[in-house]
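Following: one structure in structure tokens, then a few remarks.
The values are calculated or read from the model by the stated rules, or taken from the named source; none is laboratory data. For clarity, every value in this text was computed on a predicted model and none was experimentally measured. Glycine also receives a Cβ, built like all others from the backbone with ideal geometry; neighbour counts cover every protein chain displayed. With ligands, DNA and RNA removed, areas are computed over all heavy atoms of the protein, side chains included. Shrake-Rupley method; radii C 1.70, N 1.55, O 1.52, S 1.80 Å.
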Amino acid sequence: MSPLPAEAVEAIRAAGRRLDQRGWVPATAGNISLRLADGRIAITRSGFHKGFIPEDGVMAVDLHGRPEASNLRPSAETGLHCGIYRRFPKVGAALHGHSVPATVLSRRGGHHLELAGYELLKAFPGLPTHEASIRLPILDNDQDIARLQARVERVWDATPDVPPGYILRGHGVYVWAEDMPGALMRLEALEFMLECELEAARLP
């Protein structure tokens, strides 16, 4: 069992602090992961507040979510992270947060949320200007992670150009990118747009 690279652990801890500062990972919500150079996945352990992840709050799993150390318990949604890494070989980081806008907007119904005309759409691949739109999938949450991941994959299969993100209804958002800075940028852009959508819904 190889030790986790210190820089990977610190990247995850720093991401947790940043998400916490923005109110996207309340209590013990959310999870953060990185793909390591040797193919393992470094991911937050279950039960830790993401704004205060200790040095031993990150662990390693394989691409199927099996813990490298059997005495450690990864985040409950590790299978969703691993599904992203299995599907997209170039992805190097994935983030999951529980913001108020993502939670509220996804509870309004529908199977997607359309975002159009925002300058920050440029944070998503293939969108060079604000004159574009994305349809962010919304999936019903499920405590059976394998079953939920199977539904995520059906969405990916049916929509080849689906954006690198989705929302679990009443729960939170997932985004991913080639590295941690890219994932953080994408999450920040998406959360800004979701907050705008929520504010617009309040207007008379």
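Data overview
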read-out	value
Principal-axis tilt of helix 6-21 within the chain, Cα atoms, nearest 10 degrees	40 degrees
Loop-located GluC sites (Glu not before Pro) in segment 5-68, at most 13 other Cβ atoms within 10 Å (DSSP)	55
Quotient of Cα Rg and 2.2 N^0.38 Å for segment 1-82, N being how many residues it contains	0.99
Sulfur and carbon atoms: percent of accessible area, segment 97-204 [1.4 Å]	53 percent
Choice from 32, 145, 43 with maximal GNM fluctuation in the chain (Cα, 10 Å cutoff)	145
Rounded to the nearest 20 debye, dipole of segment 148-196 from Cβ charges on Lys, Arg, Asp, Glu	260 debye
Rounded to 10°, Cα long-axis angle of helix 145-158 versus longest principal axis of the chain	50 degrees
Nonlocal amide H pairs with residue 93, under 5 Å, H built at 1.01 Å	35, 177, 179
Residue 112 long-range amide H proximity, modeled H, under 5 Å	138
Dimensionless Rg over Rh [segment 131-204; C-alpha; Kirkwood]	0.99
Candidates per trypsin sites (Lys or Arg not before Pro) in segment 44-103, loop by DSSP, up to 14 other Cβ within 10 Å	90
Per residue accessible area of the chain, 1.4 Å probe, in Å²	49 Å²
Rounded to 10°, Cα long-axis angle of helix 78-87 versus longest principal axis of the chain	80 degrees
Cα convex hull of the chain, projected area averaged across orientations, nm²	11.2 nm²
At most 15 other Cβ within 10 Å, DSSP loop - GluC sites (Glu not before Pro), segment 113-144	131
Overall form of segment 46-85 per C-alpha gyration tensor (a/c, 1.5; a/b vs b/c)	oblate
Mean separation of Cα contacts under 8 Å, 6 or more apart, over the residue count of segment 1-148: relative contact order %	19 percent
Highest-MSF residue in the chain out of 61, 91, 155 [GNM, Cα springs under 10 Å]	155
